[in-house]
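The values are calculated or read from the model by the stated rules, or taken from the named source; none is laboratory data. Everything quoted here is computed from the prediction, not taken from an experiment. Positions of Cβ are generated from backbone atoms using ideal geometry, with glycine treated the same way; all protein chains shown enter the neighbour counts. Quick note on the areas: whole protein, heavy atoms, side chains included, nothing else; ligands and nucleic acids left out. Shrake-Rupley method; radii C 1.70, N 1.55, O 1.52, S 1.80 Å.
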Amino acid sequence: MIELYQQQDLVITPPSLGISLRGTIQVPGDKSISHRALMLGAIAKGTTTIEGLLLGEDPLSTADCFRGMGVEISELNSEKVIIQGQGLDNLQEATSVLNAGNSGTTMRLMLGLLASATGKFFTVTGDESLRSRPMSRVIKPLTQMGAQIWGRQNDNLAPLAIRGQHLQAITYHSPVASAQVKSCILLAGLNVAGETKVVEPALSRDHSERMLKAFGAQIDSDLETLTVTITGQNQLTGQKVVVPGDISSAAFWLVGGAIISGSELLIKRVGVNPTRTGVLTILERMGAQITKENEQIIAGEPVADLRVRSSKLQSCRIEGDIIPSLIDEIPILAVAAVFAQGTTIIRDAAELRVKESDRLAVMARELNRLGAQITELPDGLEITGGTPLKGTNVDSYTDHRVAMSLAIAALGASQTTTIHGALAAAVSYPDFIDTLKNICT
Ligand code: S3P
C-alpha cells in the first residue's frame, strides 16, 4: 500500500476500507537547532557535544562546510557528535568551494561568519534550488557592516565569493521576519567591536539567541521592540547541546492524525519553543485534538510529548504575526485545510515563494491535481475544504516539505497517488517513509 518506486517515487494506495495512523513515534532532531549547534560548536573554543542531531542532508551540508574550513567534527550520528572548536579566528580558508547543498540556513548563517573572517577568501555554492534563492537579504546588511561579497544578479545569487573584512557594528531594521537574516547578522556581530542590533517586523524563531547565550555570548532580546543586541568579541566556549524533535517534522503526523479518522499518535520529545508553535495554535483553532504532555526544558529549549487524536476540522484564517511561527508548516496546514469544512484563508505568506520551491504555487497546483479547491493569492492561499480527493500523479519539485505534505494528503485520498521526487524528504526527515509504513494500520 505504501511503496517506494525506483528509489524516487512514493506510491500510496489507501485500502478501500480506509486506514488510521496509530502508535508512538519520535521525530528526528530539530533542523534549525542542529545547524546552530554545529556552527557554534565549530567557532567556540573547546569541545562541544551534540545529542540528537538531525542526520538529514541539510545539517550534513553544514558539517561538510565547516570541515572544509578545518574544523574537527566526529562522524555524524544521532547519539553523540563531538566538535573540537578552534575559536572564531581559526576558521581556515577552504581549499575548495563550500557547498551548502539545498540548505538556505547553512548558506545564510555561514555568510555572517565568513564575511567577518578578516583577510580570508571563500567561495560558496548550493544546489539548483539554493542557487535561485535570494541572498541579498543577508548580503545587504553585511555590506552595510563593511563586508565584501560578490555573486550573480548584482550580488544576489550563489555562487558567491567572500573576502573577510573587519566589520563595523550596525543597527539593522530587517524588512522580513526571518531567523536566517537575524542569525546571520548576529553571527557577524560576534566578531565586531560594540553592539550589533537587529530589529524585526515580527518575532522569528529565537534558537540562535538561546544558543548563543548558552555558549557565552553577550546577547540581549527586547521583546517589546523586537530588538536583539549582541556585543561582539566575546569568546564562545564549547557546550553540551541536546536537540529536541523537530516540530516542523511532527507537524506532518499532527495533521495526519487529525484528518485520518480513527487515528491516535503520541509524538515524543518535540521542541515546543513558543516561536515555533504556531502550527499547534492553528490546528487547535481548527478543532484538532492535541494535548501536550510531559513538558520540560532540556538544554535551554522547551520540549513536550504531543498526542493527537482524529477529529472534524473547520476552516480558519492564518495571517499576521503568527506567520513566522509556522512558516515551514504552511504546506501541511494547507493539507489540513483541504480536509476541513469551510474556506481557509492564508495571507502574509509571500515568503513561501522563495523557499526550496515556490510553495504557494506548488501546493496549490499539486493539491488541485488531487481534486482540492485552492486559489493562489499573491501572498497566500484560499482553500475551500471538504471536497473528496482522488489519487493521481503529483510532484514534489524536490522540496522536502511539499513531498511529505502530499504524502499525508494521499492518505486521505481514494485510489493511488504517486509522488514524484519523494526522496527529497531526506533533507529534513530521512526516516519519513519508514515511519509512515509503521504507523499505518
Ligand atoms: C530557518 C528559518 C526560516 C525557516 C527555515 C529555517 C532557520 O527561514 O523557513 O526552514 O533555521 O533560521 P527564514 O529565515 O527565511 O524565514
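In segment 252-287, which residue that is farther than 16 Å from residue 312 by Cα and in a loop (DSSP other than H, G, I, E, B) is most open to solvent (accessible area, probe 1.4 Å)? Within segment 252-287, the match that is most open to solvent (accessible area, probe 1.4 Å) is 274. Listed by first and then second residue, the pairs with beta-carbon distance under 6 Å, at least 6 apart or on different chains, first residue in segment 263-274 and not assigned by TED's automatic domain parsing to the domain that holds residue 53, second outside any loop (DSSP other than H, G, I, E, B) and of a type in the set (Lys, Arg), are 264/22; 264/309; 266/307. Residues in segment 200-251 that are in a helix (DSSP H, G or I), in contact with an Asp or Glu (Cβ under 8 Å, 6 or more places away or on another chain), within 23 Å of residue 38 (Cα to Cα) and of a type in the set (A, V, I, L, M, F, W, C): 247 only.
A quick yes/no check of all residues on (1) assigned to a loop (DSSP other than H, G, I, E, B); (2) surrounded by 23 or more Cβ atoms within 10 Å (Cβ to Cβ):
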| site | (1), (2) |
| --- | --- |
| 375 | no, no |
| 383 | no, yes |
| 397 | yes, no |
| 401 | no, yes |
| 426 | no, no |
| 434 | no, no |
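Among the numbered conditions (1) basic (Lys, Arg); (2) farther than 27 Å from residue 266 by Cβ; (3) within 17 Å of the chain's Cα centre (by Cα), the only one that residue 401 does not meet is (2). Taking segment 189-227, which residues are touching a residue at least 60 places away in the same chain (Cβ under 8 Å), open to solvent by less than 60 Å² (accessible area, probe 1.4 Å) and within 15 Å of the ligand (Cβ to nearest atom)? Of everything in segment 189-227, those that are touching a residue at least 60 places away in the same chain (Cβ under 8 Å), open to solvent by less than 60 Å² (accessible area, probe 1.4 Å) and within 15 Å of the ligand (Cβ to nearest atom) turn out to be 202, 204, 205, 206, 207, 208, 211, 212.
Scanning segment 103-117 for residues that are surrounded by fewer than 24 Cβ atoms within 10 Å (Cβ to Cβ) and farther than 25 Å from residue 234 by Cβ gives a single hit, 104. With the requirement that a residue be within 16 Å of the ligand (Cβ to nearest atom) and either open to solvent by less than 10 Å² (accessible area, probe 1.4 Å) or among the hydrophobic types (A, V, I, L, M, F, W, C) (or both), what does segment 43-65 give you? Scanning segment 43-65 gives 50, 53, 54, 56, 58, 59, 60, 62, 63, 65. Of the candidates 398, 392, 384, 416, the single residue that is farther than 27 Å from residue 309 by Cα, in the same structural domain as residue 326 (by TED's automatic domain parsing) and out of contact with any Asp or Glu (no Cβ under 9 Å at 6 or more places or on another chain) is 392. Residues of segment 322-339 include none that is assigned to a strand (DSSP E or B) and either under 20 Å from the mean Cα position of the chain (by Cα) or within 20 Å of residue 373 (Cα to Cα) (or both). Scan segment 137-188 for residues that are among the polar types (S, T, N, Q), within 15 Å of the ligand (Cβ to nearest atom) and more than 21 Å from the chain's Cα centre (by Cα) and jot them down. Residue satisfying the conditions is 156 alone. Number of residues in segment 336-371 that are closer than 18 Å to residue 313 by Cα and open to solvent by 10 Å² or more (accessible area, probe 1.4 Å) equals 5.
Once segment 164-183 is narrowed to residues that are in contact with a helix residue (DSSP H, G or I) (Cβ under 9 Å, 6 or more places away or on another chain) and under 14 Å from residue 117 (Cβ atoms), the residue that is most open to solvent (accessible area, probe 1.4 Å) is 165.
Hey, does segment 82-96 have a residue that's open to solvent by less than 10 Å² (accessible area, probe 1.4 Å) and either within 16 Å of the ligand (Cβ to nearest atom) or without any contact (Cβ under 8 Å) to a residue 40 or more places away in the chain (or both)? No, every residue in segment 82-96 fails to be open to solvent by less than 10 Å² (accessible area, probe 1.4 Å) and either within 16 Å of the ligand (Cβ to nearest atom) or without any contact (Cβ under 8 Å) to a residue 40 or more places away in the chain (or both). Of all residues in segment 141-163, exactly one satisfies the criterion of being open to solvent by 30 Å² or more (accessible area, probe 1.4 Å), in a helix (DSSP H, G or I) and touching a residue at least 24 places away in the same chain (Cβ under 8 Å), namely 144.
Of the set (1) outside any helix (DSSP H, G or I); (2) at negative phi; (3) within 16 Å of the ligand (Cβ to nearest atom), all apply to residue 348 but (2).
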